[in-house]
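Read the structure below first, then the notes.
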Amino acid sequence: MRGTDLNTIERPYDGCGKCLLGVRRLSRVKLATSSPERQRENVLAAAASVGAHIIGWADDWEVSGATDPVTRPSLGPWLRDEKGPYDGLVAAAVDRLGRNVVDCLNTGYKMRDEKKMLVTYGHDGAWNLDDPADENRFTMEAWGAQMELRAIQRRNRDATVKTRAAGRPKGKPSYGFQYVRKVMGGKIDQVELHPHASEVLRNVARRILADPDNVTCSSEAARLNRAGELSPADHLAVMYGKPAGGRPWSPQSLKDILLSEATLGYLMHRNKPVLGRGDGHPVRLCEGLWDRATHEALRSAILSRKAPWTRRSNREYLLTTVALCGQCHTRLYTQTSKDAPPRYTCTARNKGWLQAQHCRPAPLINAHLLDAYVEEWFLRELGDGVIYETVYDPGNGIAERVAETRASRERLRADREAGLYDAAWFRDRYAALGRELAALEAEPRRAPGMVRRPTGETVADRWFRAADVQARKEILIDFGVRVTLFPASAPVRWVPGFLHGPDQDPMALL
């Protein structure tokens, strides 16, 4: 509309019948792109041309056009009627609604059936899908968007096949790795370990291998979240100059990363290493985060764990799961209220547990008092001790090479069964790998295993360097510390050799 100020047509819903939702979408957001601004101008102009105004924006950035509009993060809730009233949609083009004929028609017919407006830039007025001419034109534009999507997908597939055949990566780097380009925006020249992310994963692997019964993917994901480590998605966004979205680590994503053979530095396709046509071995892009023997040990530690699920709090209480009731021997829990500080107490009798039916009175103590007592005793008794760490020693490397060759041979056989290789080439490579495996198995080897070595730091050093209360709780658990709390009326006031000695005052229990 001539003379209309486009910035004045954005206002809240007022029930005028022309309160439209602005729809924008972009598959890839780059610093140099101006598409969001162009789409905004086109949407405002289209809304102004029909005398409507914008009540909000459904902006789906980094969302493929192949995504069903109903499932898109921003537009989907509006289409599912979860975001409030609106009188229709306005987009910069039909392909911003979707790049699939069915999706576009479903969205268009939904607007028609609900008596809502559908407006796109470049079309004169609102779409009227009851009119055959408008319906045919809308269908043709949706079909054109779908054909363009298919062409993009075909080009991407061809490029993926060519780069994989050339032994080069394509797509996003795995967490712990980074791409190096000599020319900004050019091809990937090499792959390297990311200096920080690689150490994050190596530290997680060391911790799991050292104590697989207590250190799990769940506990490590919680620890990384407490430490403020960027999740893989946020880490990738920051690497490419985009803001972090605040997405947390999840146990499943951490588990998938640790179990993937991408950590060995391999070129991957559909979660499997790509085998080289020359020797049948996996194509290696760079050094791995660890070797094959460590990968197998880590895989065994993660997959073979069958410990029952237990709820462990990540709140800042030092002695939950550490402190026990002296009368019924159940775990102590915390109580909080507005008018009193947090307290450790036994709640088993209130929960109706049979073993706690005579636990009366229940022990109770202010949390900060017991925390201080335990810390003082722990550092006095053990603070000067030197810490030894348990680490995984992969041996002399023979076991790693044997495992590597066996994995390559099994993958080669699986690919042959899938019809990827001709019989003559397969027989030659399979026989060569068999001879290589026999030669490796004849060599002397030093078996891998767990070894203990001094870290050079004391217990007190680690205690005061701990990042948070949960890290200090892990130290107490590692040293097998258990705190038994009795009520003040109990005949046992202290445990010899624990917290206080016979010549000292007993604990001030509440």
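Could you list, in their original order, any pairs among K83/K115; K187/K272; K182/K272; K242/K272; K182/K255 whose Cα atoms are separated by more than 21 Å?
Values: K83/K115 18 Å; K187/K272 23 Å; K182/K272 28 Å; K242/K272 29 Å; K182/K255 33 Å.
Where the Cα-Cα span goes over 21 Å, the pairs concerned are K187/K272; K182/K272; K242/K272; K182/K255.
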Taking Cα pairs closer than 8 Å and at least 6 residues apart, the relative contact order of segment 1-123 in percent is 31
Rounded to the nearest whole number, the per residue volume of the convex hull around the C-alpha atoms of segment 192-333 in Å³ is 140
Dimensionless Rg/Rh of segment 200-241, both radii on Cα and Rh by Kirkwood, sits at 1.06
Between the residues L75, V63, A46, the Cα farthest towards the positive end of the dipole of segment 35-75, that dipole coming from +1 and -1 charges on the beta-carbon of Lys, Arg, Asp and Glu, is from A46
Env charge @ D393, Cβ radius under 13 Å, K,R +1 / D,E -1, value +2
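How much net charge surrounds T71 when only other residues with a Cβ under 13 Å from its Cβ are counted (Lys, Arg +1; Asp, Glu -1)? All intermediate terms of the calculation are to be shown ahead of the outcome.
Working: positive: R25, R72, R80; negative: D60, D68, E82, D103.
Counting the neighbours of T71, the net charge comes to -1.
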Rounded to the nearest Å, the spacing of the alpha-carbon centers of segment 348-383 and segment 243-273 is 41
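In debye, nearest 20: dipole of the chain around its Cα centre with unit charges on the Cβ of K, R (+) and D, E (-)? Walk me through the intermediate numbers first.
Numbers: 76 positive and 64 negative charges, 189 e Å.
Roughly 900 debye, rounded to the nearest 20.
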The simple spin-label model distance between D130 and E381, using points 7 Å out along Cα→Cβ, in nm, is 8.4
At R0 = 60 Å the Cβ-Cβ FRET efficiency linking V391 and D68, nearest 0.05, sits at 0.80
Result for the chain, cysteines with no Cys Cβ partner under 4.7 Å, is C16, C19, C104, C217, C286
Expected unfolding gain across K172-S304 under the 0.36 nm per residue rule, minus the alpha-carbon gap, is 44.5 nm
Segment 173-212, convex hull of Cα, quarter of hull surface, nm² -> 3.1
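Based on the mean of other Cβ atoms within 10 Å per residue, sort peptides 440-446, 107-113, 298-304, 263-269 so the most packed one is first.
On the way: 440-446: 12.0, 107-113: 16.9, 298-304: 14.7, 263-269: 20.3.
Result, highest mean first: 263-269, 107-113, 298-304, 440-446.
If I stretch the segment between R435 and R150 completely, what's the gain in nm (0.36 nm per residue apart, minus their alpha carbon distance), one decimal?
Numbers: separation 285, 0.36 × 285 = 102.60 nm, distance 4.62 nm.
Residue separation times 0.36 nm, minus the Cα-Cα distance, leaves 98.0 nm.
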Answer check: segment 28-83, Cα atoms, Kirkwood Rh, Rg/Rh ratio of 1.00
Taking the dipole of segment 208-260 about the Cα centre (Lys, Arg +1; Asp, Glu -1; charges at Cβ), the one of H235, S250, T216 that reaches farthest to the positive side is H235
Treating only Lys and Arg (+1) and Asp and Glu (-1) as charged, each at its beta carbon, one finds that segment 1-143 has a dipole about its Cα centre, in Debye to the nearest 20, of 340
Taking r as the C-beta separation of R112 and W61 and R0 as 35 Å, the FRET efficiency to the nearest 0.05 is 0.80
The rounded separation in angstrom of the Cα centers of segment 153-214 and segment 440-467 is 27
A correct Kirkwood calculation over the Cα atoms of segment 71-224 returns a hydrodynamic radius in Å of 20.3
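Among 48-58, 12-22, 88-98, 322-332, how do they line up by average Cβ neighbours within 10 Å per residue, starting with the highest? Could the numbers behind the result be given before it?
Values: 48-58: 18.2, 12-22: 16.1, 88-98: 25.1, 322-332: 20.5.
Going by the mean number of other Cβ atoms within 10 Å, highest first, we get 88-98, 322-332, 48-58, 12-22.
Over all alpha-carbon pairs in the chain, figure out the percentage whose distance exceeds 37 Å. Please list the in-between numbers first.
Working: 71109 of 129795 pairs.
Counting every Cα pair in the chain, those more than 37 Å apart make up 55 percent.
Coordinate-derived values only; no laboratory data. This structure is a prediction, so every number in the text was calculated from the model and none was measured. For neighbour counting, all protein chains shown are included, and Cβ atoms are generated from backbone atoms with ideal geometry for every residue, glycine included.
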